[in-house]
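As structure tokens, the structure follows; a few thoughts come after it.
The values are calculated or read from the model by the stated rules, or taken from the named source; none is laboratory data. Predicted, not measured: the structure shown is a model, and the values here were computed from it. As a convention, Cβ positions derive from the backbone with ideal geometry for all residues, glycine included, and neighbour counts pool all protein chains shown.
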Amino acid sequence: MLTPPLSRPARQRGMAALITVMVLVLVMSITFAFANRSLIFEQRTGANQMRSTQALAVAEAGIDWAVALLNNSPALTATCTSGTGATNKFAERYLNIDSTTREITPRDAQPGCVINANGDLACSCPTSGAPTLSGAGGRFTVTFSAANPARPRMVRITSAAHSNESLDGAASVSIVLAEVRTANPTPKAALTARGNVSWQGAVSSLYVANSDPNTNGISINAGGNVDLNSRVNLMSVPGTPQGNDTALSVVSDDPSIRSMTTADQYFTSMMGASKADYYSGAVQRADASGLETAVNATAGTDKRAFWIGPAPGAAASSYSITGGTFGSATDPVILVFNGDVEIRGATTIYGVLYVAGGTMTNRGGGNSLIQGAVISEGDYADGNGSREVIFDPNILAALTGGTKFSKFRKLPGSWLD
């Protein structure tokens, strides 16, 4: 018996099912392809975000690295390390600072580092041009530029970084730094006293000289009285009225000094920084005993400023300098005594002697020389022996020039990334 053929509607129902299945397969394939594409996109986005975050962290590390070396580094080699082959400090290598105006002019050189997998730095500190960076890991290059022509004591530093040696991720961070001086002595006389200057010793002589025309040759400058006997010899700028009549080189009852109502105000005007900033800055803290040894131990370094005695605000004491040589004409020092000071015996000081006490006196005979400047927060009194105080602008320039007593502080609100 023959099977009757399928009717046309049955055939149509089978074709519709096939088409439906094919459409579903196509939709599922498109969905899977889109999901896979989204997954790949998310993976790439995540990888890019990770590299960008790493690059930003490396750039910030470059800023911190540069600021740390600007504020506290010895002479460096080309690989940013100290030791054999070291030439100049980081700040001196990349910044030129005018000794008079303190205007900062960046030099044409860029330091940089590679951060290795173990966290070590492989750095390059060239004296010109770009750094030489090699090795795996994130890397940064630091560039210095003028911050604002109207603010010459500021500099902008920019750290451009990549997350790896393939330079996949990139970021840049910059900030403005302001120079802050922890010491900048600028006396205008060989001998300056906030109080009185009195030299009446019958067996002592005092010689005070200032032949610098830029300071009008002022030998003695006092906020109080100046009382001198015939055993005091003064010298001023030759060929000037005060050079012909040295009494004119003495300024007593100076209103600009008398108007300073606090000792710290006087200190700041003479030393270019407050006592607190000086004490906490780039200075050595020492005792009067063994001071000559301590000073000589720092010869040839930037650590040539000293604070002798208790911290600012603490009860002051009395000190004696019993001879010795402190500093040299080419390597002067700053000695700040927090208390009364008495010079006894043959003493030579090249630099600035600041006495933050009531009285500075000369006792014990012998010959002493202070070449640079003497500043007393109180009185300057007589003694015995021979004393010479000679104003020396070259010594003061050696103390105030360059970056020896410079610190760089981040300026709030100047951060850019």
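From the list VAL180, VAL114, VAL142, VAL173, the one residue that fits, being assigned to a strand (DSSP E or B) and surrounded by fewer than 21 Cβ atoms within 10 Å (Cβ to Cβ), is VAL180.
Checking each residue in region 145-158 for being modelled with pLDDT of 90 or more and either surrounded by 17 or more Cβ atoms within 10 Å (Cβ to Cβ) or among the basic types (Lys, Arg) (or both) picks out MET154, VAL155, ARG156, ILE157, THR158. Taken together, the residues in region 237-279 that are among the aliphatic types (A, V, I, L, M) and without any contact (Cβ under 8 Å) to a residue 40 or more places away in the chain amount to 5.
Only one residue in THR400, THR348 is of a type in the set (S, T, N, Q), within 20 Å of GLN265 (Cα to Cα) and either under 31 Å from the mean Cα position of the chain (by Cα) or at pLDDT 95 or above (or both). Which one? Within the list THR400, THR348, the selection yields THR400.
Can you work out which of the residues in region 72-89 that are of a type outside the set (D, E, K, R) and under 18 Å from THR182 (Cα atoms) is nearest to the chain's Cα centre (by Cα)? This residue is ASN72. Scanning region 280-295 for residues that are assigned to a helix (DSSP H, G or I) and modelled with pLDDT under 90 yields a total of 1.
On the basis of being assigned to a loop (DSSP other than H, G, I, E, B) and either surrounded by fewer than 17 Cβ atoms within 10 Å (Cβ to Cβ) or in the same structural domain as PHE337 (by TED's automatic domain parsing) (or both), does VAL208 make the cut? Taking the combined requirement at face value, the residue does not satisfy it.
Can we say ALA329 is closer than 18 Å to ASN210 by Cβ and either at pLDDT below 90 or surrounded by fewer than 24 Cβ atoms within 10 Å (Cβ to Cβ) (or both)? Taking the combined requirement at face value, the residue satisfies it.
In the set ASP277, ASP264, ASP254, only one residue is touching a helix residue (DSSP H, G or I) at 6+ places or on another chain (Cβ under 7 Å), among the acidic types (Asp, Glu) and surrounded by 15 or more Cβ atoms within 10 Å (Cβ to Cβ); that residue is ASP264.
Can you say whether ALA150 is without any contact (Cβ under 8 Å) to a residue 12 or more places away in the chain, farther than 28 Å from THR361 by Cα and under 31 Å from the mean Cα position of the chain (by Cα), as far as the supplied structure shows? Judged against the criteria, ALA150 is a match. For region 357-378, the set of residues classified as out of contact with any Asp or Glu (no Cβ under 6 Å at 6 or more places or on another chain) and crowded, with 22+ Cβ neighbours inside 10 Å consists of MET360, ASN362, SER368, ILE370, ALA373, VAL374, ILE375, SER376, GLU377, listed by residue number. Being part of a strand (DSSP E or B) and more than 30 Å from SER249 (Cβ to Cβ), is that true of even one residue in region 184-196? The answer is no; no qualifying residue exists.
Considering region 369-390, and only residues there that are β-branched (Val, Ile, Thr) and within 26 Å of the chain's Cα centre (by Cα), the residue that is nearest to ALA329 (Cα to Cα) turns out to be VAL374.
When you check ALA273 against the structure, is it part of a loop (DSSP other than H, G, I, E, B), in the same structural domain as GLY372 (by TED's automatic domain parsing) and under 19 Å from the mean Cα position of the chain (by Cα), yes or no? So ALA273 passes the test.
When residues in region 110-124 are screened for being out of contact with any Leu (no Cβ under 9 Å at 6 or more places or on another chain) and modelled with pLDDT of 95 or more, 1 of them pass.
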